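One structure is given here, and the rest of the page talks about it.
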Amino acid sequence: MKMVFRWFGEGNDTVSLDQIKQIPGTEGIVWALHDVPAGDEWPMDKIMKVKDAADKAGLHIKVVESVNVHEDIKLGLPSRDLYIDNYKKTIAKLAQVGVKVICYNFMPIFDWLRTDLHKEMEDGSTALFYEKAMIDNVDPFDLVKRINENSKLTMPGWEPERLQYLTQLFEAYQGVTQEHLWANAKYFLDEIIPFAAEHDIRMAIHPDDPPWPIFGLPRIITSQENIRRYLQLHDSPYNGLTLCSGSLGANPENDIVSMIHEFADRILFTHIRNVRVYENGDFIESSHRTQDGTVDIAGVVQAYHEEQYEGYCRPDHGRHIWGEECRPGYGLYDRALGIMYLWGLWDAYQKAAAAEGAAAK
């Protein structure tokens with residue numbers, strides 16, 4: 001398991017590369033050009049700026065999250081070929097600087113959805129929170145305004161320059177069903193996967209967050225069955241998965257451990273985080289500790305260990321603790337604690353496996 005840490009770039013992150021380097025066992029950053037609109041070709045000078053900074057800190061840049069898919073591709077519009085061509089040009093550039101995995105998603109309009117970015121927990125920390133009743137009744141335009149008022153830093157998937165066209169986007173998705181989205185995803189994969197394979201970059205789809213339809217918009221990467229279908233749309237080792245235990249874990253019916261065992265050879269990147277799910281459908285992002293949430297994090301790490309997972313892993317969203325002022329979900333302290341919890345589990349399973357092997361001799 002190769003540990004990496006998400007970083008949003010100079011001037012756009014409260015966490016420094018020097019701090020990331022000091023987290024034990026962390027070898028690289030997960031990055032993107034967050035100021036480049038979805039669908040645009042990434043400029044090489046901006047790519048090199050990130051690479052140079054990471055090289056100086058002794059960290060690699062092998063995982064990108066994400067090269068966003070333009071809405072015209074998801075909608076299947078004639079203009080999609082232009083944006084797919086730009087996507088290919090970006091892949092070619094990323095291959096030049098050693099990128100090996102691109103995490104992306106196929107969620108219409110919203111990359112993720114929460115109703116409160118700083119919900120207070122019992123211990124005084126705060127975390128990202130989803131209130132089902134509010135989503136069922138809130139105007140999405142009001143929610144967009146609330147999200148963008150909460151932070152001076154960019155919020156992935158909620159960029160104002162994209163969401164200013166929210167009315168037009170909702171109109172464009174009128175009548176678009178899940179089957180339409182499946183067909184448009186296959187078109188994208190059939191164009192992108194062979195090109196990515198030529199450049200030795202693996203594409204890793206991220207599950208929908210949360211894993212169910214919102215505001216009448218279709219969603220498809222929501223369950224074990226649907227992930228299986230997506231991977232079969234283009235059956236190639238370059239068409240892989242970013243398995244996010246937090247996104248999928250918001251639905252307690254999703255068996256994350258079973259998914260790891262079934263998709264082990266196609267999991268290129270994993271986000272490990274815990275969520276506490278309530279009976280009314282609400283959920284909050286807890287610490288990574290197994291007992292603090294609903295997801296069996298110990299079982300998740302054990303499954304990866306049993307599969308001898310050698311892909312990339314990052315701690316996903318953390319709580320906001322010890323007075324840290326940071327991008328919601330992306331502070332230093334709780335994610336660093338999360339890494340050490342994951343390594344503790346991994347090391348324990350390693351030691352147990354070694355002892356079992358010695359006893360068998």
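The values are calculated or read from the model by the stated rules, or taken from the named source; none is laboratory data. Computed from a prediction, not measured in an experiment: that's the story for all the values here. Heads up, the Cβs are rebuilt from the backbone with ideal geometry, glycines too, and the neighbour counts pull from every protein chain shown.
Among the residues of the range 293-334, the ones that are under 20 Å from the mean Cα position of the chain (by Cα) and either at positive phi or aromatic (Phe, Trp, Tyr) (or both) come to 6 in all.
Does Phe106 meet the test of being surrounded by 18 or more Cβ atoms within 10 Å (Cβ to Cβ), at pLDDT 95 or above, of a type in the set (Phe, Trp, Tyr) and outside any helix (DSSP H, G or I)?
yes
If you go through the range 195-224 and keep only what is over 13 Å from the mean Cα position of the chain (by Cα) and among the small types (Gly, Ala, Ser), you end up with Ala196, Ala197, Gly216, Ser223. When the range 297-316 is filtered for residues that are charged (D, E, K, R), out of contact with any helix residue (DSSP H, G or I) (no Cβ under 6 Å at 6 or more places or on another chain) and surrounded by fewer than 18 Cβ atoms within 10 Å (Cβ to Cβ), the ones remaining, listed by number, are Glu306, Glu310. For the range 1-28, the candidate set comprises residues that are of a type in the set (Phe, Trp, Tyr) and out of contact with any Asp or Glu (no Cβ under 7 Å at 6 or more places or on another chain); within that set, the residue that is farthest from Arg273 (Cα to Cα) is Phe8. Scanning the range 1-31 for residues that are assigned to a loop (DSSP other than H, G, I, E, B) and in contact (Cβ under 8 Å) with a residue 60 or more places away in the chain yields Met1, Phe8, Asn12, Asp13, Thr14, Val15, Ile23, Pro24, Gly25. Against the list (1) of a type outside the set (A, V, I, L, M); (2) at positive phi; (3) surrounded by 15 or more Cβ atoms within 10 Å (Cβ to Cβ), the condition Gly58 fails is (3).
Is it true that Leu241 is over 19 Å from Tyr83 (Cβ atoms) and touching a Phe, Trp or Tyr at 6+ places or on another chain (Cβ under 6 Å)?
Yes: the conditions hold for Leu241.
Residues that are under 19 Å from Tyr341 (Cβ atoms) and surrounded by fewer than 22 Cβ atoms within 10 Å (Cβ to Cβ) within the range 1-14 comprise Met1, Lys2, Met3, listed in sequence order.
Okay, residues lined up against (1) hydroxyl-bearing (Ser, Thr, Tyr); (2) surrounded by 18 or more Cβ atoms within 10 Å (Cβ to Cβ); (3) under 25 Å from Ile201 (Cα atoms):
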{"residue": "Ala95", "(1), (2), (3)": "no, no, yes"}
{"residue": "Gly98", "(1), (2), (3)": "no, no, yes"}
{"residue": "Ile102", "(1), (2), (3)": "no, yes, yes"}
{"residue": "Phe110", "(1), (2), (3)": "no, yes, no"}
{"residue": "Glu120", "(1), (2), (3)": "no, no, no"}
{"residue": "Ser125", "(1), (2), (3)": "yes, yes, no"}
{"residue": "Tyr130", "(1), (2), (3)": "yes, yes, no"}
{"residue": "Val138", "(1), (2), (3)": "no, no, no"}
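Checked across the range 278-285, the condition of being surrounded by fewer than 17 Cβ atoms within 10 Å (Cβ to Cβ) and in a helix (DSSP H, G or I) holds for no residue. Checking each residue in the range 56-86 for being more than 20 Å from Gln178 (Cα to Cα) and among the charged types (D, E, K, R) picks out Lys56, Lys62, Glu65, Asp81, Asp85.
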